[in-house]
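Chemist: Mind looking over this structure? Questions follow.
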Amino acid sequence: MTRTHRLGIDRIACDGRGLCAELLPELIDLDEWGYPIIRDTTVGDGLLTNARRAVAACPVLALRLDRSTDRQ
């Protein structure tokens with residue numbers, strides 16, 4: 001079993017401020033209206049600290065980081 005983290009967005013709560021893309025540009029782009037697009041929902045160990053910062057900094061709590069278990 002491998003534990004991973006997955007990044008998600010509550011699109012209803014998001015108001016498109018773009019802070020998440022500034023803090024985690026390796027995984028998040030912005031569309032033409034400034035709303036986030038997650039390129040890869042799987043967060044590797046090297047980006048976990050930055051992903052946690054982006055989640056904590058979201059002013060409307062629209063970004064989340066979920067722990068998942070992959071069975072292999």
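The values are calculated or read from the model by the stated rules, or taken from the named source; none is laboratory data. What you see is a predicted model; the values in this text were computed from it and never measured. Please note: Cβ atoms are built from the backbone with ideal geometry, for glycine as well, and neighbour counts cover all protein chains shown. For the accessible areas, the whole protein counts, side chains as well, though only heavy atoms, and no ligand, DNA or RNA atoms are used. Shrake-Rupley method; radii C 1.70, N 1.55, O 1.52, S 1.80 Å.
Chemist: Just to confirm, what accessible area per residue do you get for the chain at 1.4 Å probe, in whole Å²?
Modeler: Value for the chain: 67 Å² per residue.
Chemist: If you fit an axis through the alpha-carbon atoms of helix 48-57 and take the longest principal axis of the Cα set of the chain, what angle between them do you get, 0 to 90°, nearest 10?
Modeler: 40
Chemist: Evaluated at 37 °C with a viscosity of 0.692 mPa s, what Stokes-Einstein diffusion coefficient in µm²/s does segment 6-72 have when Rh comes from the Kirkwood expression over alpha-carbon pairs?
Modeler: Reported coefficient: 274 µm²/s.
Chemist: Moving on. Have a look at 51, 5, 33 and report the one farthest towards the positive end of the charge dipole of the chain, computed about the Cα centre with Cβ charges (Lys/Arg +1, Asp/Glu -1).
Modeler: Value: 5.
Chemist: In debye, nearest 20: dipole of the chain around its Cα centre with unit charges on the Cβ of K, R (+) and D, E (-)?
Modeler: 380
Chemist: Rank by packing, highest mean first: peptides 47-54, 11-18, with packing defined as the count of other Cβ atoms within 10 Å averaged across residues.
Modeler: In descending order of packing, they fall as 47-54, 11-18.
Chemist: Now for a separate question. Going through segment 1-44, which GluC sites (Glu not before Pro) have at most 14 other Cβ atoms within 10 Å and a DSSP loop state?
Modeler: Taking segment 1-44 and a limit of 14 other Cβ atoms within 10 Å, the loop GluC sites (Glu not before Pro) found are 26, 32.
Chemist: Calculate what fraction, in whole %, of the accessible area of the chain sits on carbon and sulfur atoms when a 1.4 Å probe is rolled over the protein chains.
Modeler: Ligands and nucleic acids excluded, carbon and sulfur give 49 percent.
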